[in-house]
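Notes follow once the structure below has been shown.
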Amino acid sequence: MPSKDRHINFALMRDRILSKGGGKQFWRSLEELSDSPEFQEFVEREYPQHAEEWDSAVERRTFLKLMGASLALAGLSGCAYQPPEKIIPYVNNPEDAVPGKPLFYATAMPFGGIASGLLVRSSDGRPTKVEGNPDHPDSMGATDRFAQGSLLDLYDPDRLTTVTFAGQSRPWTSFLGDMATMLNTERQRKGAGLRFLTETITSPTLAAQMKGILTELPSAKWHQYEPASRNNAGVGSVFAFGQATNTTYDFEKADRIFSIGSDFLNCGPGSLRYTRGYARRRRTEGDDPNVNMNRLYLVEDTFSITGAKADHRLGLKPSEMEPFARAVAAAFGVKFGGAVGSAGAHGPWIAALVKDLQSARGKSIVIAGAEQPPAIHALAHSMNDALGNVGATVFHSGALEANPQDQIASIRDLVNDLNSGVVETLVIVSGNPVYNAPADLNFRDAMQKARTRVHLTSHDNETSELCHWLVPESHYLESWGDARAFDGTVTIIQPLIEPLYQSKSAYELMAAFSQQVDRKGYDVIRDYWGSQITSDFDATWNKAVHDGIVPNTVYQTSTAAVKTDWSNQQTAPPQNPPAGGIEINFRTDPSAYDGRFVNNGWLQENPKPITHITWDNVAYVSPRTARDLGLNQKEGWTGGNEKVDTINVSYQNRTVGNVPVWILPGQPDGVITLHLGYGRTRAGRVGNGIGYNAYAIRTSDSPWAIQGASVKATGEMHEIASTQLHFNMENRHLVRIQSVDEYRKKPNEAAELEPNPPRDESFYPQYDYKNQGLGYAWGMAIDTSSCVGCNACVVACTSENNIPVVGKEQVMRGREMHWLRVDAYYGGKDENKPEGPYFMPVPCMHCENAPCEPVCPVHATVHSAEGINDMVYNRCVGTRYCSNNCPYKVRRFNFLLYQDWDTPTYKLMRNPEVTVRSRGVMEKCTYCIQRIQNAKIESEREGRAVRDGEIVTACAAVCPAEAIVFGNINDPNSRVSKLKNQGRNYPLLADLNTRPRTTYLSVLRNPNPEITENA
Amino acid sequence: MSSESPNSAHNPNFESHHFTAPVIEAGHTYATVTDRISSIVLKRRTPIGWYIGFFITFLVVQMLMMTVTYLVMKGIGIWGNNIPVGWAFDIINFVWWIGIGHAGTLISAILLLLRQEWRTSINRFAEAMTLFAVACAGMFPALHTGRPWLDYWLFPYPNAMGIWPQFRSPLMWDVFAVSTYATVSALFWFIGLIPDFATLRDRAKSKPFKIIYGLVAMGWRGSARHWHRFENAYLLLAGLATPLVLSVHTIVSFDFSIGIVPGWHATIFPPYFVAGAIYAGFAMVLFLTIPLRKWYGLEDFITMKHITFMAKVMLATGLIVFYGYIMESFFGWYSGNGFERFMIHDRQTGNYAFIYWILIFCNGVSPQVLWFKRVRHSIPMVFIVSVIVSIGMWLERFVIIVQSLHKDFVPSSWGNYAPTAWDFSMFFGTIGLFFMLLFLFVRFLPMISIFEMRTILPEAKIKEGAKAA
């Protein structure tokens, strides 16, 4: 109450009191009691809305009720009235789509035309991870590193986005109109001026489309050319069988394998399946010392990972390969146009090989490499015949290519037509022939003689630069299609996302030349298969698309035998080159392949198998040859760099200059291997200007090996970024190697090579991992005997865990971010005849006594009850003591901001279940904790325990050799527990007592006791 | 002076310890001592040399500021650190600077408790040197983290995350050790300055200085009570600071010896590091003393006795450090452990072997000249040796950190290390900061403890037992 205005009118008060009857009266102040006019005025001033109630001496309770009600209503009166807007919940969502829960779709990646079955994970409508399709006969769940890297290609910001004509953006209808005009003209002369150039095509639908076009325009021609096609294999099969034949192998049944330059563990159609089969015969699963191991013999003219795995390996010059093969074949009674071939100094080796192969009749494989000349392929077919392998381990069937052609002859034919001026319109479907066609054909100049040039391409590359119409090509993840796998199985390729840009698939492009222009890819594929699947189309189609396999498309194997007179067709065997000359051969680059992946950051940064080089291509030279040529290299100072000499290589008046050499123990003497795919000028922001262009001297007469080239040191050095510069184990028991005989005698030798402290030898009470929480204890076993060093696991981990690409300069500083690396260590004493190298994938060991944990000042790395060493990114301040203290050096630090925050397409690509790390925090392998958590959540919902094999880490999932096994070590029946119980199992650096949960199984070698000089 | 003067060698009361040089030259009185020292601060004309020196170091500090800004903006990647060498110049510099600081505390605190008179003329700027060295040192652990704005998480403050720091980590012990060291040193230094602030306050001519010195003098009147309390406080702080001389660098050495890296994991590290710290510190004190006494004419106060004493301490600690090197090599071999043997072999013959052998020369061989009295009495020689030792101590940390890390257990992960320009600019920047602070100190504060110098005058030694500490 106001203190100043005390309007207490006592007279009024007295009257009031007296006027009220009996009963209690409540008042709080004398002013109220007197209720003078001044008081009323005051109340009105102070409490306008309640003046009436107060005035009428309302009781406290009513007052409170009113106050309470008005308080409740006051909230409402504060709101302005809004018109209702109905929001609709996602009640009828697309089938199975739960926001946040990923779905998997079966598809395939055509690679060199040949498909490998994939399951691609789709997170909220966009593909975020490529996995293998477990039901597919080739992949069986695995992928190679190119399939892993292909995801990044989908989201490549350098992709073409619209149709262009002479650099101007045009609508698709404009292109169709132009082509219609052209076709009108061509129809009058049966297509004489029209040429199509594609890469290798196995797609039945596309072949049908081409057939339709060529039926209508019989004078038009369809050429196929790919720089790294299996052309020699095809021509060789024609020699041997009279027609193009595809050959597949069953490595799981093979006791003895003889590879003539075949890198079947690395790449090529069927390599995933072959690796799986090979690895299954390379390891022990139980404790049975009677290991039925295979034995791999290999001769090659370069150094491949299959060579690294071989029990017996010979390095030869390219010119020596065919004589060698003939010498071996002669021992099986295969004559070759009179000349027997020379064994050279390798007589005893060959004799032992032949004896061994003959002891494995019907259980052996002779396989020739794709780069070897056709004669060697034919010889291999003959040897398989002679050994009775056909139908047991070797199977022949029709060609995979829809239109088998000698691709060299095909492109020569095209260039001739171009040069003679008959080509009016050239349609190039994918590919980059200006960059990678044989140099002697001069495709660049020839092509420009065509009046109109159309290019279906994903990027504006060296070929598109000279084309009029550029049609952006849809990525396989965003288009419909089909393709065959190594055994003929067709997979319907289904898209996981609408095309990101205004791109077209090859099918949609080819439709433009048919009667029904402007068809969607879906319709084209479906119509074709509608004609092939006669009964119950919808159900069959749905199942085929779902499973990733079209039933009954696998090729029937034939009983084709090698023609007995084939060797008479042969021209004289190649002249032996003058001894001492340097021979040059070409191989696809392990990262860029034939050049198509050079703009792919994941593959560029993925260390190449064996050499671990990133961001460059090199020329392999053996140590002896390097000394002879005066070539050197030396380690740089910044942690990941090596300075190497460079050479100029000249052949037939063409030169490729400043080629960095790489001295590679194991490379055959006198051979320099150049790698294709680099030196591009229009690849994109990542790939431009990197490396040298080996295509500059690659000619059509001998695309894989040349003699008579001149090699000259330039005197300049080049800096190479490599993630491993030391390949010697330095007497440390890192990879443990036993021969099978030694293993049989002492199964525990590998484990006992280094003292392994027992668990309870400690002052401290040990944590009981068996009886806590849900009872899981996660562990991993990696079999170094199975691992072939393909590095698919590294790219898979990069893809799954949003690992950034740091670039060449940072790799040279030793700052690559791969959580998983595959170490390679040589064995043996002689650098000219090294053993191995042996491959050892190294993820985080998740040590029970982790040295990284006690040294972190802020608890950023802690240990879970299930045994995982957890990295808490948001707590890490970045002191890097944990990395210093990690003896395995598995931790990676974000020294700078390596993630690309800006490029919009990468935001679509990243795995939403894994944190994207910023600058200044440490990161490392988490055993794919996101997958572990998903499985635990699922299993808890279903009221059961996690099953063995339910959690597959990214690395384990893609490994074709099944070398990485993850699971619950508290379950004695899990696969990982059984592997860890083997005598071959050992922890790395056991002596440090870190008690790692990731352990290794030793390498088993199976040398032939009759061959003594090779270990 | 008469032979009865306490400073005369003939005086039976001469309290010397068989030194040839006196602690303070003869002929000084209270007044001359006070005048001499305070006039450096208070006189109107600052020598031109000071301006030049200050300006140069100021420029270097600007380089430091630019480096730090760029570092925080871009990240640790501007340096040369990599995997496996996660620590390089950053921690080398941290340990180097902290080590240097130990000499100051030893002179101030330990020599005080041991009643060594010769500490008096050098303890003030030695303690200042410690403070500035700790300031420079502290920049490195703070800025070498990947996310320096979160460094405060290393302090155990009650927080909403419900997490304490991880106390088993040596880096946490560093936090406590270095912050304690900085605090105690600062307090010790400041307390010791109070009587001198009062002197300056009373003698200052310009008003601003009067006020400033008056503020920091905290109302010192020089009364008996003040002196009594002062002596107690000073002794207490000296007692607190004394164990820090041993503990701080021991804890810094734990950063390495707690790790499992071969070359780090050695029990000899605590005494070896502490000896090394004193070694480096005395080298730096000599490096500062020799020019300062020349430029400011303080030869009367900082005599040959001080120089030779400090040279002897350098020699003694140098021998301990050399013993440490020999022991490391010995047990690397004797252990029979393959990793340790490889480490020693690589240290002596590997990529960084040239640094190791320069180190042996700098730290092991060169101080041996100090055995010779003629060398100890030769100021240029002592100066040169102190420079060599400073460099050598930096190289020692390089060898320990970089060489051990670059080739450890798994050969596939071996990788060299090379510094970048920013590593150097940060390092030299902190050197510039150090010297800039010293220039400021020399200009504005009494670089020798005035009141303590008065206590060692003959006039002060009237009565036995009345001598101030």
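Quick note: the coordinates plus some simple rules give every number you see, no bench work behind them. These figures come from a predicted structure and were not determined experimentally. FYI the Cβ positions are ideal-geometry reconstructions off the backbone, even for glycines, and counts take in every protein chain you see.
At-a-glance table
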read-out	value
Residue range of chain B that is longest and free of GluC sites (Glu not before Pro) which are both DSSP loop and sparsely packed (at most 16 other C-beta within 10 Å)	B:26-298
For A:Cys882, net neighbour charge (Lys/Arg +1, Asp/Glu -1) across residues whose Cβ lies under 9 Å away	+2
Charge dipole (debye, nearest 20) of the protein assembly as shown; +1 at Cβ of Lys and Arg, -1 at Cβ of Asp and Glu	3960
Neighbour cut-off at most 12 other Cβ (10 Å), DSSP loop, chymotrypsin sites (Phe, Trp or Tyr not before Pro), region B:333-438	B:Phe372
Under the Karplus curve 6.51 cos²θ - 1.76 cosθ + 1.60, θ = phi - 60°, whole-Hz ³J(HN,Hα) for region A:174-181, x wherever Gly or Pro sits	5, 5, 4, x, 4, 5, 4, 4
Loop trypsin sites (Lys or Arg not before Pro), region A:789-852, which have at most 13 other Cβ atoms in a 10 Å radius of their Cβ (DSSP)	A:Lys829
Of A:Lys608/A:Lys924; A:Lys317/A:Lys808; A:Lys504/A:Lys608; A:Lys190/A:Lys211, those spanning more than 25 Å from alpha-carbon to alpha-carbon	A:Lys317/A:Lys808; A:Lys504/A:Lys608
Karplus-derived 3J(HN,Hα), 6.51/-1.76/1.60, for each residue of region A:301-313, Hz, glycine and proline x	10, 8, 10, 10, 6, 5, x, 5, 7, 5, 6, 9, 9
Karplus-derived 3J(HN,Hα), 6.51/-1.76/1.60, for each residue of region A:945-956, Hz, glycine and proline x	7, 5, 7, 5, x, 6, 9, 10, 5, 4, 5, 5
Size of charge dipole - region B:203-293 - debye, nearest 20, with Cβ of Lys, Arg +1 and Asp, Glu -1, no other charges	920
Amide H contacts of A:Glu835 (H built 1.01 Å from N, under 5 Å, at least 5 apart or other chain)	A:Gly827, A:Gly828
Loop-exposed trypsin sites (Lys or Arg not before Pro) per DSSP, neighbour cap 10 Cβ within 10 angstrom, longest uninterrupted part of chain B	B:222-462
Inter-site label distance for A:Lys101 and A:Gln448 at 7 Å from Cα along Cβ, in nm	5.9
Estimated inter-spin distance, B:Phe155 and A:Gln772, nm [label 7 Å along Cα→Cβ]	3.3
Förster radius 22 Å - calculated FRET efficiency between B:Leu113 and B:His226 (Cβ-Cβ, nearest 0.05)	0.50
Shape call, the protein assembly as shown: gyration tensor on alpha carbons, a/c limit 1.5	oblate
Sum of -39500 (n - 2.57) over DSSP H runs of 4+, divided by residues of chain A (222 nm, nearest 500)	-7500 deg cm²/dmol
Stretchable slack from A:Ala696 to A:Gln532, in nm (0.36 nm times residue separation minus alpha-carbon distance)	54.6 nm
Inter-site label distance for B:Leu457 and A:Asp900 at 7 Å from Cα along Cβ, in nm	7.7
Loop-located chymotrypsin sites (Phe, Trp or Tyr not before Pro) in region B:116-201, at most 15 other Cβ atoms within 10 Å (DSSP)	B:Phe167
